[in-house]
Amino acid sequence: MNKLTINLPEKVDALKHQVQNTGWEKILIPYLNSESFYNTLGKLVKFVDEGKRFTPPMKDWFKSFIECSYENTKVVFIGQDPYPQLGVADGISFSCSNTMKEQPSLRHIFNSVEKQYPNFDRNPDLTRWANQGVLMLNTALTVEINKIGSHYSLWHTFTTGLLNSLNSYPNRLIVVLLGKKAQEWQKLLPNHDIIQVVHPAAAAYKGGVWDDKNLFLNINQMLKQRGETLINW
């Protein structure tokens, strides 16, 4: 197999351009300039050289930040990693805009929202949530095809730096930790309101109902108490 030829500085410049004027550039661009990020890119290139494919494509890695401006952020969802199937993950956690078909995790999320808001629109593109100030994150921005959790350690430095920065966010955020992997990061966010629920994938695997503890109603109730605009789920 021929080795992949890629101009890393050019690719990094494209990512920097994407995040400009989102408010996140003050956090993301120092990371994009860092040795840690170049090491991550080098490992991903090596994986491809070894015949290992990953998702989503580089152009979508920071889509969650692009669609949810820093100043507008009020809720943060933290999951684990992107959908592992080729061509499904779109850079916003749980979103399915590429296929417009609900993955099992998203189906359980939508079932819960629908119980709490009966007129809910089951549009699989979650850009509309991001645009309202809901930052939809995974603790790994990539995953090897069909190997859940395979890039978790690869993005550890990024996630650590990001959450440390978010802990200093000027307003109190509502942070939803989905599953045990996400809950390991709670210690980095002591300045914010934490909600812990099981990951919806657990319900998908077991064929049961996702116990979300009325998550979406509770988020809006908290926002109402703060005098903030509610999320139109």
Review point. Stretched out fully, how many nm does the piece from GLU35 to LYS16 gain, at 0.36 nm a residue minus the Cα gap?
Key: 5.3 nm
Exercise for review: Calculate for the chain the 222 nm mean residue ellipticity that helices alone would give, adding -39,500 (n - 2.57) per DSSP H run of length 4 or more and normalising by residue count, nearest 500 deg cm²/dmol.
Suggested key: -11000 deg cm²/dmol
Check your understanding: What list of ³J(HN,Hα) couplings, whole Hz, do you get for the range 106-123 from phi and the Karplus terms 6.51, -1.76, 1.60, once you set θ to phi - 60° and write x for glycine and proline?
Key -> 5, 4, 5, 4, 5, 4, 5, 4, 5, 5, 8, 9, x, 8, 4, 8, 7, 7
**Study point:** Most to least packed among 220-226, 112-118, 134-140, 8-14 [average Cβ atoms within 10 Å]
**Key:** 134-140, 112-118, 220-226, 8-14
Exercise for review: Before anything else, pin down the relative contact order of the chain: Cα pairs under 8 Å, at least 6 apart, normalised by residue count, whole percent.
Suggested key: 21
Revision key, fill the gap. Computed ³J(HN,Hα) along the range 15-24: with the Karplus parameters 6.51/-1.76/1.60, θ = phi - 60°, integer Hz and x for glycine or proline, the list is 5, 4, 4, 4, 8, 4, 6, 9, x, 7
Study note, to complete from the structure: Counting only residues 5 or more apart in sequence or on a different chain, those whose built amide H sits under 5 Å from that of ASN138 are GLY79, SER93
Practice item. Anything over 25 Å Cα to Cα? Flag those among LYS52/LYS180; LYS43/LYS101; LYS181/LYS213; LYS26/LYS101; LYS11/LYS181, in the order listed. Key: LYS52/LYS180; LYS43/LYS101; LYS26/LYS101; LYS11/LYS181
Study note, to complete from the structure: Per the C-alpha gyration tensor (a ≥ b ≥ c, the square roots of its eigenvalues), the range 1-68 is rounded if a/c is under 1.5, else prolate if a/b beats b/c, else oblate; here it's prolate
Review point. How high is the FRET efficiency between VAL209 and HIS156 when r is their beta carbon distance and R₀ equals 35 Å, given to the nearest 0.05?
Key: 0.60
Exercise for review: For the chain, give the share of DSSP beta bridges that are antiparallel, in percent and rounded to the nearest 5; count only bridges with both residues there.
Suggested key: 10
Point to revise | At R0 = 25 Å, FRET efficiency that the Cβ-Cβ distance of THR229 and GLN196 yields, to 0.05 | key: 0.55
Revision key, fill the gap. Checked the range 116-203 against the a/c 1.5 cut and the a/b vs b/c comparison, axes a ≥ b ≥ c from its Cα gyration tensor; verdict oblate
Review point. Where the accessible area of the range 58-103 is counted over protein heavy atoms with a 1.4 Å probe, how much of it, in %, is carbon and sulfur?
Key: 50
Check your understanding: Is the shape of the range 79-153 rounded, prolate or oblate, going by the alpha carbon gyration tensor and its root eigenvalues a ≥ b ≥ c, with a/c under 1.5 for rounded and a/b larger than b/c for prolate?
Key -> prolate
Check your understanding: Counting only heavy atoms of protein chains, what accessible area per residue, in Å², does the chain have with a probe of 1.4 Å?
Key -> 48
Check your understanding: Taking Cα pairs under 8 Å and at least six residues apart, what relative contact order does the range 22-119 come out at, in percent?
Key -> 24
Exercise for review: Determine which residues of the range 87-116 fall in the zone a paramagnetic label at ARG122 would reach in this model, i.e. backbone nitrogen under 15 Å from the point 7 Å along Cα→Cβ.
Suggested key: 96, 100-116
Review point. Can you list the residues, at least 5 places off or on another chain, whose amide H is less than 5 Å from the amide H of VAL143, using H built in the peptide plane?
Key: THR55
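The values are calculated or read from the model by the stated rules, or taken from the named source; none is laboratory data. Note that the structure is predicted; figures quoted are calculated from it, not measured. Positions of Cβ are generated from backbone atoms using ideal geometry, with glycine treated the same way; all protein chains shown enter the neighbour counts. SASA here: full protein model, heavy atoms, side chains in, ligands and nucleic acids out. Shrake-Rupley method; radii C 1.70, N 1.55, O 1.52, S 1.80 Å.
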